[in-house]
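Beneath this line is the structure, given in structure tokens, with notes to follow.
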Amino acid sequence: MRRLGSVQRKMPCVFVTEVKEEPSTKREHQPFKVLATETISHKALDADIYSAIPTEKVDGTCCYITNYKGQPYLWARLDRKPNKLAEKRFKNFLHSKQNSKEFFWNVEEDFKPVPECWIPAKEIEQLNGNPMPDENGHIPGWVPVEKNNKQYCWHSSVVNYEFEVALVLKHHPDDPGLLEISAVPLSDLLEQTLELIGTNINGNPYGLGSKKHPLHLLIPHGAFQIRNLPTLKHNDLLSWFEGCREGKIEGIVWHCNDGCLIKVHRHHLGLCWPIPDTYMNSKPVIINMNLNKYDHAFDTKSLFNLLSKIDNQKFGRLRDIILDV
């Protein structure tokens, strides 16, 4: 199977969208909804959406693995945002609907500072060597997750830089109906983006762990391919999300042959998320840590060590995994 694309920028919707003036069910205090029409977007058609690979859109926070300090590192998403004056100027421009004119950004003066180790995301537009903001006025980027950084403590819990491994959730290699949690070498994940899910991420829609014993995992983007998707029509997709067990997911991401990523979210179709019983939690999961090959012991309170205590155990669903310190 070819390697699927990475998430380095905002993904467009597979359908042309329209704004409806009623309260959003996705974002609190947002007075409008962005809904899909029945028309497939030009971006999707240009990317040959009909030959793309559909995958489950997972609800977490986006991460990236690339080298830092001479070794593979986990990087957290950090968008560079405009300062108050620039943001006010940008919002006034949007509200004035001056679509015939282009908004001018002064990247050196209009944006808040970021850490020296910050890097811009790939594929974003550049002007005179400077990364340019997207249509939302943000410059997508990444910062390395240092071991003792409290701001990214949940990111840190899924990696061990001494042994250069990450905690990954994916399908079992011999049984696509079974999920597997394993320690994967960071070198195997280089230049990939992944989704961090778990107890303290985005309201924990998959019900992982508990406040006392939090559990967090990484899922490579594109890891969960959708096998029986209906035709690419608004009503067919709506029926699939509402009526099929496989449709109990946040959304769909199509990985196109040219590397382009196209999505549709349940909210685009007027459907709710999160939902009580997700498709991810309908599958059994097995723990396969196999840490005996490492010369030294992992920290006793680390997720790696706690999961190794239940190595080779099979659970009915992800939310059944309970970790005891």
Extension gain, ARG227 back to GLU191 (0.36 nm per residue minus Cα-Cα distance, nm): 10.4 nm
For region 134-145, 3J(HN,Hα) per residue [Karplus equation, 6.51 cos²θ - 1.76 cosθ + 1.60, θ = phi - 60°, Hz, x = Gly/Pro]: 7, 5, 8, x, 10, 9, x, x, 9, 10, x, 8
Distance between modelled label sites at ASN288 and HIS172, nm, 7 Å Cα→Cβ extension: 0.8 nm
Spin-label model distance (nm) - LYS91 vs GLU162, 7 Å beyond Cα toward Cβ: 4.8 nm
Where the Cα pairs of region 83-160 fall when distances are cut into 5 Å bins, in %: 3, 12, 20, 19, 16, 12, 9, 5, 3, 1, 0
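Note down the magnitude of the dipole of the chain about its Cα centre, charges +1 on Lys and Arg C-beta and -1 on Asp and Glu C-beta and zero elsewhere, to the nearest 20 debye.
On the way: 40 positive and 40 negative charges, 141 e Å.
Its charge dipole is roughly 680 debye.
Tell me, what are the semi-axes, in whole angstrom and largest first, of the equivalent ellipsoid of the chain as set by the roots of 5 times the Cα gyration tensor eigenvalues? Let's see the in-between values first.
Values: eigenvalues 225, 138, 66 Å².
In descending order the semi-axes read 34, 26, 18 Å.
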Highest-MSF residue in the chain out of THR55, THR37, THR300 [GNM, Cα springs under 10 Å]: THR300
P(r), alpha carbons of region 235-289 - 10 Å bins starting at zero, rounded %: 21, 43, 27, 9, 0
GNM result for the chain, Cα springs below 10 Å: residue of LYS43, LYS20, LYS263 fluctuating most strongly: LYS20
Calculated from backbone phi, Karplus (6.51, -1.76, 1.60) coupling profile of region 188-202 in Hz, x at Gly/Pro: 6, 10, 4, 6, 9, 9, 9, 10, 8, 10, x, 3, 10, 10, 6
q = 0.15 Å⁻¹: log10 I(q)/I(0) that the Debye formula gives for region 89-227, counting C-alpha atoms only: -0.94
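How much FRET efficiency would the formula 1/(1 + (r/R0)^6) give for ASP46 and GLN313, where r is the Cβ-Cβ distance and R0 is 51 Å, rounded to 0.05? The partial results should precede the final answer.
On the way: r = 47 Å, r/R0 = 0.92.
Calculated value: 0.60.
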Backbone N within region 208-242 under 16 Å of label point (7 Å from THR39 Cα along the Cβ vector): 234
C-alpha long axis of helix 84-96 to longest principal axis of the chain, angle in °: 60 degrees
Zero-based 5 Å bins, Cα pair distances in region 109-148, whole percents: 6, 19, 30, 27, 11, 4, 4, 0
nm² value of the averaged projected area, convex hull over the Cα atoms of region 129-168: 4.8 nm²
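Nearest 5 percent is fine: what portion of the DSSP beta bridges confined to region 139-285 is antiparallel?
On the way: 20 of 22 bridges.
The antiparallel proportion sits near 90 percent.
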Dimensionless Rg ratio for region 154-217, taking C-alpha atoms and the 2.2 N^0.38 Å reference: 1.17
Region 242-253 - phi-based ³J(HN,Hα) in whole Hz, Karplus 6.51/-1.76/1.60, Gly and Pro as x: 7, x, 9, 4, 5, x, 7, 9, 5, x, 10, 10
Under 5 Å, built H, 5+ apart or other chain: amide partners of TRP142: LEU78, ILE119, ALA121
Farthest toward positive dipole pole in the chain [+1 Lys/Arg, -1 Asp/Glu at C-beta], among SER51, SER156, VAL7: SER156
Across the chain: Cys residues that no other cysteine approaches within a C-beta distance under 4.7 Å: CYS13, CYS62, CYS63, CYS117, CYS153, CYS244, CYS272
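Given the pairs LYS20/LYS263; LYS57/LYS84; LYS33/LYS91; LYS88/LYS150, which are separated by over 26 angstrom at their Cα positions?
Numbers: LYS20/LYS263 19 Å; LYS57/LYS84 32 Å; LYS33/LYS91 18 Å; LYS88/LYS150 31 Å.
Where the Cα-Cα span goes over 26 Å, the pairs concerned are LYS57/LYS84; LYS88/LYS150.
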Sum of -39500 (n - 2.57) over DSSP H runs of 4+, divided by residues of the chain (222 nm, nearest 500): -3000 deg cm²/dmol
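Compute, for region 116-179, the length of the dipole vector about the Cα centre, with Cβ point charges of +1 (Lys, Arg) and -1 (Asp, Glu) only. Units Debye, rounded to 20.
Working: 4 positive and 10 negative charges, 45 e Å.
Roughly 220 debye for region 116-179.
Computed from the coordinates by the stated procedures, all read-outs in this text should not be read as laboratory data. Please read all numbers here as calculations on a predicted model, not as lab measurements. Here Cβ is always computed from backbone atoms with ideal geometry, including for glycine, and neighbour counts include all displayed protein chains.
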